[in-house]
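K.L.:
Take a look at the following structure, please.
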Amino acid sequence: MGEWRRTKIGDLCQIIKGETGLASAPPGQYPLVATGADRKTCATWQFDTDAVCIPLVSSTGHGKKTLNYVHYQSGKFALGTILAAVIPKDPSVLTARFLHLYLSHFKDTVLVPLMKGAANVSLPMKEIASIEIPVPPLNEQQSLIDLISRIEDEHRELLTETNRQGVLLKLLRQAVLQEAVEGKLTAEWRKQHPVVKGDSRYDASALRSQILELKRQALSGNEKLLQPIENRKLDLNCHSEWVVISLGDATNFIDYRGKTPNKIDSGVRLITAKNVKMGYLSLDPEEFISEEEYVERMTRGFPTINDLFFTTEAPLGNVCLNTIKEKISVGQRIITIQPYIIKPEFLAYQMMSSYFQKEIDKRKSGVTALGIKSSKLVQVPIVLPPLAEQQAIVARVDSLMAVIDELEKQVAERKEQAQLLMQTVLREAFAG
């Protein structure tokens, strides 16, 4: 192995700012290197060489120091005005390929710390020139390029496989939920627990009657129950002994409207659509309103633990249980759903299923942001097993989801280990 030396980029390379306005460039036959992953095109070219193209502005802006991409480009190409081309003066000493390999893999530790500015973060070209890089002999540069290219190919294959496994596990989750709302998960349970007429624990029709009576008692003024929907054809092949009821008749809706909350540093916790994830409630971000505003806002009702939160827009269709015991306020684009008698966990799983999500999709409306109105949401038909079977379904789904959670954790760990291994190999390779 030949001797490695460390040399400043400015001593080995020309650094030239791009001249092409990205927004005004006329499309053409030449690549136009921009800050993003994809090339644009341009009718003219600025360079005819091998070069490393480095963005001179932060990828995210807003006072943050980030660089998403460092590009390699060869031949005739145009370069955006917010990038700089770093061109080796003598390719027999340093190749653009090797320089790109080094800078692209170590950009977060080599380039990003040199960025300056508060609101508009930029990377000065003189700072690029000051960076010291390892410069092995030419044959070793090529050997490293070949080695790391092979490692990157294997790394990509591994990431592709772990991503595929992640997608399959998400599909498996949906399959579990779909079988839950069709009654397939509790087929054996039903053999051991026959229908007991009039007992809502084992008779779905009796349970529906109890729920509708509670709903009637809760109605006020000219409100009425929705039209019976047991004979409506469902896009679902559920068990024949189960019954159907509208979501509006089976639950109490608390739909929050009014002005945008005035958020403060501490006070009553505010739950917004950003907190409601599919299947769980996130406390990030943490937001609060005053006690006075809480009293003003919550005139329609108060959420309690194990109520369901449903997002009506941006995002549409996320649902989770309220797991917070403390007093909370709820923001716009969320409906609090309080089930009558129904196991809240079972209703949450049903609302997460592809069946229910398709029913929402049929009823959504809007131009700029698609959403669902509460008047449409109440009409969605839900399936209703007897109470004891709901409990059995929840236990079965919980058990299967725990297995899927563990498999997803293993996939995530393998992905992280692959990334750490890649970084270790790169560090050792460039250490000479």
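The values are calculated or read from the model by the stated rules, or taken from the named source; none is laboratory data. What you are looking at is a predicted structure, and each value in this text was computed from that prediction instead of being measured. Glycine also receives a Cβ, built like all others from the backbone with ideal geometry; neighbour counts cover every protein chain displayed.
K.L.:
Mind telling me which of the residues GLU157, GLU132, GLU140 ends up being acidic (Asp, Glu) and without any contact (Cβ under 8 Å) to a residue 60 or more places away in the chain?
P.N.:
None of the other options fit; the residue is GLU157.
K.L.:
Looking only at segment 40-54, how many residues end up being more than 23 Å from GLN142 (Cβ to Cβ) and assigned to a loop (DSSP other than H, G, I, E, B)?
P.N.:
The total comes to 4.
K.L.:
Taking the conditions exactly as written (out of contact with any strand residue (DSSP E or B) (no Cβ under 9 Å at 6 or more places or on another chain), outside the structural domain of SER375 (by TED's automatic domain parsing), under 23 Å from VAL378 (Cα atoms) and of a type in the set (A, V, I, L, M, F, W, C)), does LEU219 satisfy them or not?
P.N.:
no
K.L.:
Also, quick follow-up: For the condition on the phi < 0 side of the Ramachandran plot, touching a Leu at 6+ places or on another chain (Cβ under 6 Å) and among the polar types (S, T, N, Q), what is the one hit in SER220, SER200?
P.N.:
SER200
K.L.:
Look at GLU213 and say whether it is surrounded by fewer than 14 Cβ atoms within 10 Å (Cβ to Cβ) and either free of Cβ contacts under 8 Å to residues at least 40 places away in the same chain or farther than 25 Å from ALA388 by Cα (or both).
P.N.:
Yes; evaluated as a whole, the condition is true for this residue.
K.L.:
Sort through PHE288, PHE310 and tell me the only one that's surrounded by fewer than 20 Cβ atoms within 10 Å (Cβ to Cβ), among the aromatic types (Phe, Trp, Tyr), in a strand (DSSP E or B) and assigned by TED's automatic domain parsing to the domain that holds ILE211.
P.N.:
On inspection, the qualifying residue turns out to be PHE288.
K.L.:
Further question: How do the helices (runs of 4 or more DSSP H) wholly within segment 325-416 filter down when requiring 1 or more residues that are under 27 Å from the mean Cα position of the chain (by Cα), assigned by TED's automatic domain parsing to the domain that holds LYS274 and among the acidic types (Asp, Glu): which remain?
P.N.:
On the way: elements: 344-352, 354-363, 374-377.
In segment 325-416, the matching helices (runs of 4 or more DSSP H) lie at 344-352, 354-363.
K.L.:
How about segment 313-339: which of its residues are surrounded by 20 or more Cβ atoms within 10 Å (Cβ to Cβ) and of a type in the set (Ser, Thr, Tyr)?
P.N.:
SER329, THR336
K.L.:
Please specify each residue of segment 265-274 satisfying the condition of being touching a residue at least 12 places away in the same chain (Cβ under 8 Å) and in a loop (DSSP other than H, G, I, E, B).
P.N.:
Within segment 265-274, ASP265, SER266, GLY267, THR272, ALA273 qualify.
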